[in-house]
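Derivation of every value follows stated rules applied to the coordinates shown; laboratory data play no part. Everything numeric here is computed off the predicted structure, so don't read it as measured data. Glycine gets a Cβ as well: all are built from the backbone with ideal geometry, and neighbour counts include every protein chain shown.
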Amino acid sequence: MPVSSGRISFFGRDVTHAPAHHRAAHGLARTFQITNLFPDLTVRENCLLAIQAHTRRRFAMLRPVGLFDDLQTRARATLEAVGLTGIADAVVRNLSHGEQRQLEIALALAGRPRMLLLDEPTAGLSPAESRLMAGLLARLDPAITVLMIEHDMDIALELSPHVTVLHYGCVIADGSRDEVRANPQVREIYLGG
């Protein structure tokens with residue numbers, strides 16, 4: 001959406017009118033509520049493309065990406081960080097939904113972001129997969145600022161030290177997880193009590 005007023009500052013840099021790829025180059029990454037992957041490529045190939053996109057080698061189209069040892073090393077480390085090394089050669093369309101969500105986190109981390117925007121990281125996951133995702137997110141580098149939109153209040157309150165709760169587009173609570181958990185309106189609407 002175009003900006004109607006004000007400005008957006010990202011780590012001291014005005015990015016109000018910057019295109020998405022410039023914001024990404026400054027350290028902003030995001031995931032989508034619906035996975036956005038290359039289904040016919042392998043897990044490793046998806047990761048390599050994401051890593052290569054953040055280097056000067058993104059223009060090296062006549063040389064196979066597999067020949068760049070440093071990119072391969074980063075891809076292995078990134079996949080290890082999200083628990084996908086064991087299926088690096090699997091074709092993405094054959095992965096479970098939970099594994100695809102893990103891969104999407106890997107692709108976001110490939111650019112070494114300073115800020116990570118997560119849109120419903122546990123959407124569509126089973127309770128067991130949600131627990132795995134929560135563990136993965138809890139292990140992220142604390143130097144990365146994470147802004148997460150999440151409807152699973154248990155996950156949101158577990159992972160976020162500061163929580164803002166919206167109801168029909170209006171802020172009904174904002175504060176520490178304990179303050180939000182104790183808020184009567186939040187308890188009534190979202191926590192069932």
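The alpha carbon convex hull volume per residue for region 146-193 rounds to 71 Å³.
Axis of helix 43-52 versus longest Cα principal axis of the chain: the two differ by about 90°, to the nearest ten degrees. For THR73 and ALA18, the FRET efficiency from 1/(1 + (r/R0)^6), where r spans their Cβ atoms and R0 equals 45 Å, is about 0.90. In this simple spin-label model, placing a label point 7 Å from the Cα along the Cα-to-Cβ direction at both LEU41 and SER5 gives a separation of 4.3 nm.
Rounded to the nearest 10 degrees, the angle from helix 69-81 to the longest Cα principal axis of the chain is 30 degrees. With no solvent and one equal point scatterer placed on each C-alpha of the chain, evaluate the Debye formula and give log10 I(q)/I(0) for q = 0.08, 0.16, 0.17 Å⁻¹, two decimals. Treating every Cα as an identical point scatterer, log10 I(q)/I(0) equals -0.31, -1.10, -1.20. To the nearest 10 degrees, how steep is helix 127-138 against the longest Cα principal axis of the chain, on a 0 to 90 scale? So the helix axis and the longest Cα principal axis differ by about 80 degrees.
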